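Input: a single structure, listed below in structure tokens.
FYI, it's all coordinate maths here, none of it is from the lab. All figures in this text were calculated on a predicted structure; none of them were measured in a lab. Positions of Cβ are generated from backbone atoms using ideal geometry, with glycine treated the same way; all protein chains shown enter the neighbour counts.
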Amino acid sequence: MNMRQSPKLEWIHFILFVFLGILWSGSFINIKVVVSQLPPIFCAMVRVLISFLCLSLIFVVTRKKVFKPTLAYWRLWLTGFFVQAFPFALLFYGEKFIAPALASILNSTVAIWALILGGLFFQDRSQWTPIKIIGVFLGLIGVIIIFAPFISKGENSVMGILAILAMAMSYSVGSLMNQHIIFKHMKVSSETNLLQQHMASLLFLFIISKTGEAWPAWTALLSIKLVLAFFYLGVMATAVAWIIYYYLLKEWGAVRATSVMYIVPILAIIWDFLFLHLVPTINELIGMCAILIGVTFIQWRRKSRGL
């Protein structure tokens, strides 16, 4: 992770950071579109499949060497399970029961879990500053504010919220594994890392979906609405977004890179209102504000003084 960057490069990183937030914010409404008509794990598998094919094409055209078999690849596969396979399965499942904007709000807790779990699992407490610890507590309070009203609304809503929270935790673990294991101790390119993690994720989702869901007829996927939704999810929100995210993850580290989630829910609420005419509740807005303030505190970096 590069700690000292030129102002120009930092601006490029910031622009990529905002663009990534825009790409990911649009994924939640498109997930709602596909899971309302198709099995959730199947939808997650199709998303990864499209992304895998897109990345493979990009790397072939750009002549990237991505296959160099080694026993050490099991680390890439395990990381792929936590950063993509398991989170995608939980995300698509959870959105069957809750609104896209609420899913994006809960998804914004990734940076909070990255800070907590980084200290617990990887003994990385270098960022446990007082202001960031306050940010963690604010974020957790926001989750409680959002979660409380749903307890009386039925089991499905609660299951949807728990699934998204588990997704955020798994995603943070995968990001930390990329930072502390893959980037630091493995000499593999980002292209190899992405494709290997995609393959492992695709295999996992295929097995789970094939054994636990009734697959639809392939003709059911040919509606324009589903085709456009899957194109966005697979190409824009996964293939293109992962390339940007892995670059930022390598340059910024897991805690700061995952803070992209703090702009995602704001944009997702706008998309929900414009396309689904859904308005968030007061609890959701208050909880979102608490989470976003908390994540902002977590991303806070003290500027070094000049001599």
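Computed extension length for Lys225-Thr296: 22.0 nm, one decimal, from 0.36 nm per residue of separation with the Cα-Cα distance subtracted. Put simply, the amide H of Leu278, placed in the peptide plane, has neighbours under 5 Å in Phe273, leaving out anything fewer than 5 places away on its chain. Applying a length cut-off of 20 Å (Cα extent along the axis) and a mean Kyte-Doolittle floor of 0.0 to the DSSP H helices of the chain leaves 7-35, 40-61, 130-147, 155-177, 190-212, 282-299. Residues Arg47, Arg256, arranged from fewest to most other Cβ atoms within 10 angstrom of their Cβ, appear as Arg256, Arg47. Only Cα pairs under 8 Å and 6+ residues apart enter the sum, and on that basis the relative contact order of the chain stands at 40 percent. Using +1 at the Cβ of each Lys and Arg and -1 at the Cβ of each Asp and Glu in the chain, identify which of Leu222, Asn283, Ile22 lies farthest towards the dipole's positive end. Selected residue: Ile22.
Note down the Stokes-Einstein diffusion coefficient of the chain in µm²/s, whole number, using a Kirkwood radius over alpha carbon pairs, 20 °C, and 1.002 mPa s.
109 µm²/s
Highest mean packing first, where packing is the average number of other Cβ atoms within 10 Å per residue, the peptides 270-276, 95-101 line up as 95-101, 270-276. Only the Cβ atoms of Lys and Arg (+1) and of Asp and Glu (-1) were treated as charged; on that basis the dipole of the chain about its Cα centre amounts to roughly 1100 debye.
Modelled spin-label separation between Ile15 and Phe206, with each label point placed 7 Å from Cα along the Cα-to-Cβ direction: 3.9 nm. Spin-label model, Ile131 to Met159: label points 7 Å out along the Cα-to-beta-carbon direction sit 4.3 nm apart. Peptide packing for 277-286, 196-205 was compared via the average number of neighbouring C-beta atoms within 10 Å per residue; ordered from the highest value, the list is 196-205, 277-286.
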